[in-house]
Amino acid sequence: EADRKECTQVTHVHEWDPGSVIQAIDHYCRNKEWAMNVGDEKGCILDSVVSEVNPATVLELGTYCGYSTVRIARLLPPHAKLITLEFNPAVAAIARQVIAWAGLEDKVQLVEGASGDFIPRIKEQFGVKTFDLVFLDHWKEYYLPDTKLMEECGLLRKGSVLLADNVVCPGAPDYLEYVRSSPRYESRYFKSHLEYTKVEDGLEKSVFLG
Ligand SMILES: O=C(NCCNC(=O)c1cc(-c2ccc(F)cc2)cc(O)c1O)c1cc(O)ncn1
Ligand SMILES: [Mg+2]
C-alpha cells in the first residue's frame with residue numbers, strides 16, 4: 001500500500017538529474033515564493049502511488065510548472081508514457097523547460113488546451129487505449145466532470161487509479177462525494193498538508209472497478 005516515505009534532501013541542480021530539479025523547486029517555493037506545486041510532502045505520497053501502480057500510461061491534468069510531471073516521469077519504466085495537459089500557455093512554456101532540464105522529454109508529452117476539449121480526442125490523437133494512472137491537479141471544479149468524461153470515453157479500465165490533489169484545500173467536494181459513494185470506485189484519503197504550509201490537505205486515491 002502507498003504510504004509516506006521520507007524523501008532525501010539535495011540542494012543544487014544538475015542537468016539530467018530529476019531529483020535535483022525537484023529539490024531546487026521545493027527549496028525555492030518553501031523559502032522564497034509559495035507556488036502551487038504538489039510539493040515534497042504530498043509528493044512523497046504521489047511517488048508511493050506511482051511506484052505501486054508502475055503505470056505504462058499516465059495522464060496528468062494540470063501541468064503547471066512541471067514539478068509533478070518530473071516527479072512522476074522519473075519513476076516510470078523505460079517505455080511508459082505520460083501525457084500532461086496544461087491550459088495556460090505561459091505556464092506550459094515553463095514546464096517544457098523544467099521537463100527538458102530533468103532530461104525526461106522522451107517520457108512526457110505536454111499538450112496545451114482545455115481538458116473538456118482534449119479528453120475526447122486522446123484515443124485517436126495519441127493512440128492510448130486506457131490510462132493506468134490519472135493525476136488530477138487542474139481546476140478543482142473540473143475534477144468531477146472530467147472524471148465522468150474519461151469514463152464515457154472509455155479511458156479507464158478495471159484497476160485504473162485516479163489520484164487527486166487538493167481534495168481538502170482548495171477542495172473538490174463534489175468529486176469526493178462521487179468517488180466515495182459510487183460503487184464503481186474504491187476510494188482512500190491520504191491525509192497531508194497543503195504544499196509548503198501547515199494547512200491540512202490531502203490526496204484521494206480512487207481505483208476504478210470497471
Ligand atoms: O490548472 C489550472 N489551474 C491551476 C489548478 N491548480 C490549482 O488551482 C491549485 C491551487 C492551490 C491553492 C491552494 C491554496 C490557496 F490559497 C491558493 C491556491 C493549490 C494547488 O495544489 C493547486 O493545484 C487551470 C486553469 C484554467 O484556466 N483552466 C483549467 N485549469
Ligand atoms: Mg495541486
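The values are calculated or read from the model by the stated rules, or taken from the named source; none is laboratory data. In this text, all values refer to a predicted model and were calculated from it rather than measured experimentally. Here the Cβ positions follow ideal geometry from the backbone for every residue, glycine too, while neighbour counts run over all protein chains shown. Just so you know, the surface numbers come from the protein's heavy atoms only, side chains and all, with ligands and any DNA or RNA stripped out. Shrake-Rupley method; radii C 1.70, N 1.55, O 1.52, S 1.80 Å.
Here is how the numbers come out for the structure above:
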| read-out | value |
| --- | --- |
| Overall form of region 18-97 per C-alpha gyration tensor (a/c, 1.5; a/b vs b/c) | oblate |
| Three semi-axes of the equivalent ellipsoid, region 103-170, Cα gyration tensor, whole Å, largest first | 19, 16, 13 |
| Restricting region 59-116 to GluC sites (Glu not before Pro) in coil, as DSSP defines it, with at most 12 other Cβ within 10 Å | none |
| Residue 105-residue 33 pseudo-label distance in nm [points 7 Å out on the Cα-to-Cβ vector] | 2.5 nm |
| Count of Lys pairs (Cα-Cα under 16 Å; at least 8 positions apart or interchain) in region 111-202 | 4 |
| Sites matching chymotrypsin sites (Phe, Trp or Tyr not before Pro) across region 13-110 that sit in DSSP coil, with at most 12 neighbouring C-beta atoms within 10 Å | 16 |
| Cα gyration tensor shape of region 75-210, rounded if a/c is under 1.5, else prolate or oblate by comparing a/b with b/c | oblate |
| Helix-only [θ]222 nm of the chain, DSSP H runs n ≥ 4, -39500 (n - 2.57) each, per residue, nearest 500 | -10500 deg cm²/dmol |
| With every protein chain in place, region 20-81: carbon and sulfur % of accessible area (1.4 Å) | 57 percent |
| Cα gyration tensor shape of region 56-148, rounded if a/c is under 1.5, else prolate or oblate by comparing a/b with b/c | oblate |
| Given the chain, longest segment not containing exposed loop trypsin sites (Lys or Arg not before Pro) (DSSP; at most 12 other Cβ within 10 Å) | 33-128 |
| Residues of the chain: accessible area per residue with a 1.4 Å probe, Å² | 47 Å² |
| Rounded to 5, percent antiparallel among DSSP beta bridges of the chain | 40 percent |
